[in-house]
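A quick write-up on the structure given underneath.
The values are calculated or read from the model by the stated rules, or taken from the named source; none is laboratory data. Keep in mind the model is a prediction, meaning the values are calculated, not measured. Don't worry about glycine lacking a Cβ; one is built from the backbone with ideal geometry, like all the others, and counts go over all protein chains shown. Areas reflect the complete protein model, heavy atoms only, side chains present, ligands, DNA and RNA absent. Shrake-Rupley method; radii C 1.70, N 1.55, O 1.52, S 1.80 Å.
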Amino acid sequence: MLTVSGLERAVGIGAHCVVQGANGPVLAEVVGIDESGTRLLPFGSWDGVRTGDPVAVTQSGAELRPDDAWIGRVVNALGQPLDGKGRLPEGDRPRPLRAAPPPAFTRRRVGDRLSTRLKVMDVFAPLCRGQRMGVFSGSGVGKSTMMAMLARNAQADVIVVGLVGERGREVQDFLQDDLGEEGLARAVVVVSTGDEPPLMRRQAAWTATTVAEHFRDQGKQVLLLLDSVTRFAMAQREIGLAGGEPPTAKGYPPTTFAELPRMMERAGPGSGEGGDITALYTVLVDGDDMDDPIADAVRGIMDGHIVLDRRIAETGRFPAVNLLRSISRMLPDCHGPEEYAIYRAARCAMARYADMEELIRIGAYRPGSDAEVDAAIKLFQPLEDLLRQSKRDAMEPNETFARIHACLTEAGISVPTE
């Protein structure tokens, strides 16, 4: 943090300044003001900055000019190209990075179901147009791979991917292997690696959201994938503590829990003739603790949550979605009557199996003791095999429902019809 004198009456919290150091200008943001002066954090490095260097107020970095030509490009948190494909065109309309969400009373309702072609999501945790969903898991359970599958397969006009605090080594792996040419061809990817200053990591999330708003206002259906909200919150924690805020739960200052809904409310259904932003936010839960403060806060904001389970991943079933702990708040309306009956029958059977799983595994359960448990045992492995899906696989929702119905029938489970 740098303390500057003489700007106390010229700037407010969140204003941007340029410090003219010996190694060139450094963009910074005001994070605190008190009797000692104005406190700045850098978007880069303070290397070369000395006492007496001039500081000027600027609008640089506070707004963005997205353009349709950004599709297929990779940019940093400041909207500068990272892919070596040349200059990035700027749009005519400047957009503030910290825009307000559309007014609640002018927004449309959540729309029809959006086909993701991920079997486990389309049936057990369906996603609708304008819905916001959280993906919760520990490290190494397949969040990034699942996001890449959505980017390639989901029904959307434009995909906006925000990689916040990503490992630098994994950026090219994600772009070339997970996302691929097919996914990148309709995507804008915003990257901020974990070694960058907290301002850059926080701004990457704002930049991705601003780009999504640009395409939404053109009437397009946008899928926003942000990985991860936890790293955004960690960046805000560093910024807040540097600004003198008091730490609360796990050291997070109050602004962290204020910034989360401010950012996430910008996604969702649009107003008037605009499109929608359907958003998925990943949450890295420390030690697989779903009661982590950030996970708990995000779960209360989202319209549903998907839980990736390490035990399921260890069995080799990917995406490792825990069917019983995942839910979409758009149910049952986003399924048709027959689809919802299939979903309910399969979920009830899996819940019965989960209740008796320990007894089944140690051989303490005797077949024939309970007809429902016997049917659940017959269903378990065929359903697990069906839901297993590789990165390159895709299946339309209608076919997925038909196959699950066939699995239920073979297990002797009737699907009630209304």
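Worth pointing out:
- Overall Cα dimensions of the range 337-411, principal axis frame, Å, largest first: 39, 30, 18
- Accessible area (Å², per residue) of the chain, counting only protein heavy atoms and a probe of 1.4 Å: 43 Å²
- The GluC sites (Glu not before Pro) found in the range 306-339 include none that occupy coil by DSSP while having at most 13 further C-beta atoms within 10 Å.
- Positive-end extreme of charge dipole, the chain - chosen from C17, S271, L179 (charges on Cβ): S271
- Read-out mean projected area of the Cα convex hull in nm², derived from the coordinates shown; its label in [x] 22.7; [y] 20.2; [z] 18.9: [x]
- Unit charges at the beta carbon, dipole of the chain: most positive-side option, Q221, Q389, L408: Q221
- In terms of its Cα atoms, the range 24-107 spans 44, 42, 18 Å along the principal axes, sorted from long to short.
- Dipole magnitude of the range 225-377, debye to nearest 20 (Cβ charges: Lys/Arg +1, Asp/Glu -1, about Cα centre): 180 debye
- Summing charges over neighbours of T210, with a neighbour being any other residue whose Cβ is under 10 Å away from its Cβ, gives +2 when K and R count +1 and D and E count -1.
- Given +1 at the Cβ of Lys and Arg, -1 at the Cβ of Asp and Glu and no other charges, the dipole of the range 2-58 around its Cα centre is 80 debye to the nearest 20.
- Per residue, the average separation of C-alpha pairs within less than 8 Å and at least 6 apart gives the chain a relative contact order of 18 percent.
- In the range 312-418, the portion of solvent-accessible area held by carbon and sulfur atoms comes to 51 percent [1.4 Å probe, whole percent, DNA, RNA and ligands not counted].
- Charge dipole (the chain, unit charges on Cβ, about Cα centre) - positive-most of C348, T417, S192: S192
- Taking trypsin sites (Lys or Arg not before Pro) in DSSP loop conformation with at most 11 other Cβ atoms inside 10 Å as exposed sites, the chain has its longest uninterrupted site-free stretch at 110-391.
- Taking a straight line from the alpha carbon of K143, these lysines sit under 20 Å away, with near neighbours fewer than eight places off in the same chain left out: K119, K391.
- Taking a ≥ b ≥ c as the square roots of the Cα gyration tensor eigenvalues, the range 69-150 comes out oblate, since a/c reaches at least 1.5 and a/b does not exceed b/c.
- As a length-normalised measure over Cα pairs under 8 Å and 6 or more apart, the relative contact order of the range 229-281 settles at 24 percent.
- Ellipticity at 222 nm from helices only: DSSP H runs of n ≥ 4 in the chain, each -39500 (n - 2.57), divided by the residue count, give -10500 deg cm²/dmol.
- With all protein chains in place and a 1.4 Å probe, the accessible surface of the range 95-200 carries 48 percent carbon and sulfur.
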